[in-house]
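Reading through the structure tokens given below for one structure.
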Amino acid sequence: MAGKIKQLRMGLNGDEAVAYAVKQSDVDVVAAYPITPQTIIVEKFSEYVADGEVNTEFVCTESEHSAITACIAASATGARTFTASASAGLALMHEMLFVASGCRVPIVMAIANRALSAPLNIHGDHSDSMAQRDSGWIQIFVENSQEAYDSVIQAFRIAENTNVLLPVIVGLDGFTLSHTLENVDTLPDESVKQFVGRRQFTTVTTHEGKTVPFKLDPANPMTIGPIALPNYYFEFKRQQEEAMKNALEVIQKVHDEYAKLSSRSYGNGLIEEYFLEDAEVAVVCLGSTAGTLKTVVDGLRQEGIKVGLLRLRVFRPFPAEAIRNALKNAKMVVVMDKCMSFGGNGGAVFHEVRSAMYDVNSRPLIVNYIYGLGGRDTPPKEFRKILEDMHRMLHAGRVDKLVHYIGLRE
């Protein structure tokens, strides 16, 4: 039992949790191509289809590029649509990711985050999603399998909100979450179906002067994703940016509504704060790393060291104001990146956090630690060493080096 509604506790790995959430979300079309460590998601969902447990059209395509193209076409006709991928599969979708967001089709995609080649590596880091951070997709990163389940359900509501109409990525760390069995509390099918609801449509005026739902319909012809030369293209892109801004509020509202239903919440939906109120040193991270860091913070707190954690649940749209408020009392900030921005003087999360803090009156010292590439394990003792070093650096009042690497042979 969890919350006001009787919930079923299931033993699920992260991929299975995603598939179960999709099963309950009344999805019309799933188009996908298998790739490790995502394959379990679409394999499991195909079983639901084969067993008649869902009324979903499952399209097994010949590539990830084809999978996302099929999703775009289905979503443009009004279908609720889902896919999943990882690593090279997401990279192969690159062209069509921009098409999806530009056409304003609210696809939901789960990414079992994995390293990119070369050399070939099938284990988890964030380089695949970070490579797509400017493609116009909302990006949510989860800490555990329970949050993966909850976030996929929320993602359909967020994407399909008529003030947003943008596709959503839900990222879960490859193997660390995708293949690890955890307890997941699941809502009844009917409760999820009611929460997600029917897909809503904004209305547009056609060339015939009709006011109709924004979807492809032979009875009301329109063009989605037309050619837009210099006299119109800029305006389309500006509208996508406004939709991203709208998403900040929508994500929080959907999160809060889901929290009332399930009795589960994740900070304010955008960020999660842990012992930040009086923290002198704050660490910022994404994904499953937060669970390990919370344990490290607990240990240091017991020793009287004032450290805290900020987990970014949402990376796009970037919650800059929420981050500034969360870190306002910190004197030193450590940003953890599980990917590299080659030649960029630090990782992607570091760049954005540092930029967000630039205009703060009492700006903290900010350093970057890159870790865990290719799924390399970073044990608690290494995170502890980082925080201890930062505490010493804080009292020295200066940063000797901006970008550090942890757990690396050099």
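Here, each number is a calculation from the coordinates, and none is a lab measurement. Bear in mind that the values here come from a model prediction, so they are computed numbers and not experimental data. Counting neighbours? That spans all protein chains shown, and the Cβs are built from the backbone with ideal geometry, glycine included.
Side notes on the structure shown:
- The phi torsions of segment 100-107, fed into the Karplus equation with coefficients 6.51, -1.76 and 1.60 and a -60° offset, translate into couplings of 4, 5, x, 7, 6, 9, x, 6 Hz, rounded to whole numbers, with Gly and Pro shown as x.
- Virtual spin-label span in nm between GLU62 and THR202, 7 Å along Cα→Cβ: 3.6
- Per-residue Cβ neighbour counts within 10 Å put HIS65, HIS126 in the sequence HIS65, HIS126, beginning with the fewest.
- Separation between Cα centres of segment 239-260 and segment 41-93, rounded to whole Å: 25
- Fully extending the segment from LYS260 to ASP189 would add 23.9 nm, taking 0.36 nm per residue of separation and subtracting the current Cα-Cα distance.
- Likely footprinting exposure, HIS123, HIS351, HIS207, fewest C-beta neighbours within 10 Å first: HIS207, HIS351, HIS123
- Long-range Cα-Cα pairs in segment 158-288 (distance over 18 Å), rounded percent: 72
- Normalised by residue count, segment 271-405 yields a Cα convex hull volume of 103 Å³ per residue.
- Remark: segment 221-275 is approximated by an ellipsoid whose semi-axes, taken from the C-alpha gyration tensor as √(5λ), come to 36, 14, 6 Å, largest first.
- Tensor-based shape of segment 116-160 (alpha-carbon gyration tensor, a/c under 1.5 rounded, otherwise prolate or oblate): oblate
- Cβ-based exposure ranking for HIS94, HIS395, in which fewest neighbours within 10 Å come first: HIS395, HIS94
- Spatially proximal lysines relative to LYS331 (Cα-Cα < 16 Å; intrachain offsets below 8 disregarded): LYS306
- Charge context of ILE305, other residues only, Cβ under 9 angstrom, K/R +1, D/E -1: -1
- Charge-dipole axis of segment 279-392 as Lys and Arg at +1 and Asp and Glu at -1 on Cβ define it, positive-most pick from LEU312, PRO379, PHE350: LEU312
- Descending semi-axes in whole angstrom, ellipsoid equivalent of segment 305-375, from the Cα gyration tensor: 20, 14, 12
- Of LYS245/LYS338; LYS215/LYS253; LYS338/LYS401, those spanning more than 23 Å from alpha-carbon to alpha-carbon: LYS245/LYS338; LYS215/LYS253
- Partner aspartates and glutamates for LYS4 [C-alpha distance under 18 Å; skip if fewer than 8 residues away on the same chain]: ASP150, ASP185, ASP189, GLU190, ASP256, GLU257
- Label selected from (1) 36, 24, 21; (2) 59, 26, 17; (3) 31, 24, 20, the criterion being semi-axes √(5λ) of the Cα gyration tensor in Å as computed here: (1)
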